[in-house]
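What follows is a short report on a single structure.
The values are calculated or read from the model by the stated rules, or taken from the named source; none is laboratory data. Computed from a predicted model, the values in this text were never measured in an experiment. FYI the Cβ positions are ideal-geometry reconstructions off the backbone, even for glycines, and counts take in every protein chain you see. Areas reflect the complete protein model, heavy atoms only, side chains present, ligands, DNA and RNA absent. Shrake-Rupley method; radii C 1.70, N 1.55, O 1.52, S 1.80 Å.
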Amino acid sequence: MRSTNAEWDFMGRTFLVWSLAEMGLRNPAAKAEYLQTMDQIISETLSIEKEKGMYFFLMPYAHRGEYVMQPARSQFLDSEIALMLAARRLVQEREDYKPLLHERIELMQSRMRRSPILSLESYPDECWMFDNVLALCAMRLTDCLDGPTTPLSSNNG
């Protein structure tokens with residue numbers, strides 16, 4: 001998948017983690033196996049992001065322009081990673097994921113508040129609604145896990 005489309009590599013990871021979370025909630029007898037696989041995928045994904053940067057999981061055209069909001073970040077990556085962390089915690093709490101999730105949620109919220117349309121770019125000068133909806137889903141799930149986070153509208157009247 002990676003050689004054809006870097007996004008498919010990333011999305012294969014995220015959709016598998018989300019699916020395993022659902023399976024773990026439906027089938028508690030197999031939860032331990034699902035959690036082990038989820039943790040492996042999450043750990044590897046976070047390591048790759050840290051070592052190789054966000055462009056590793058983006059299509060080559062991400063280099064053709066500048067992100068409007070600086071510093072450059074991809075809502076595609078941030079929202080899907082946040083939702084992976086939240087879904088994993090929903091199945092069974094993992095304390096070391098809590099600060100990783102909150103950091104990403106707070107970063108997305110802060111940046112969304114600075115955006116004139118409360119949406120962030122997935123690629124330079126491209127706001128993908130799917131990724132912004134996933135960010136909101138991750139925020140809502142985090143609210144369910146840990147209590148309300150700061151509302152996005154707080155600085156927008």
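Which one of these is touching a residue at least 24 places away in the same chain (Cβ under 8 Å) and either crowded, with 18+ Cβ neighbours inside 10 Å or not in a helix (DSSP H, G or I) (or both): ASP78, ASP39?
From the options ASP78, ASP39, the qualifying one is ASP78.
Identify the single condition in (1) open to solvent by 10 Å² or more (accessible area, probe 1.4 Å); (2) in contact with a helix residue (DSSP H, G or I) (Cβ under 7 Å, 6 or more places away or on another chain); (3) more than 25 Å from ILE41 (Cβ to Cβ) that MET129 does not satisfy, given that it satisfies every other one.
(2)
In the list SER79, SER119, which residue meets the criterion of being of a type in the set (S, T, N, Q), under 17 Å from the mean Cα position of the chain (by Cα), modelled with pLDDT of 95 or more and over 30 Å from TYR34 (Cβ atoms)?
Step by step, each of SER79, SER119 is checked, and only SER119 is of a type in the set (S, T, N, Q), under 17 Å from the mean Cα position of the chain (by Cα), modelled with pLDDT of 95 or more and over 30 Å from TYR34 (Cβ atoms).
Name, by its number, the condition in (1) free of Cβ contacts under 8 Å to residues at least 24 places away in the same chain; (2) in a loop (DSSP other than H, G, I, E, B) that does not hold for GLU66.
With respect to (1) free of Cβ contacts under 8 Å to residues at least 24 places away in the same chain; (2) in a loop (DSSP other than H, G, I, E, B), GLU66 is out only on (1).
Could we say that MET59 is touching a residue at least 60 places away in the same chain (Cβ under 8 Å), surrounded by fewer than 17 Cβ atoms within 10 Å (Cβ to Cβ), touching a helix residue (DSSP H, G or I) at 6+ places or on another chain (Cβ under 8 Å) and under 30 Å from SER3 (Cβ atoms) here?
yes
Report yes if GLU22 is more than 13 Å from ALA138 (Cα to Cα) and either of a type in the set (Val, Ile, Thr) or part of a loop (DSSP other than H, G, I, E, B) (or both), otherwise no.
So GLU22 fails the test.
Within segment 101-146, work out how many residues are under 19 Å from PRO71 (Cβ atoms) and in a helix (DSSP H, G or I).
15
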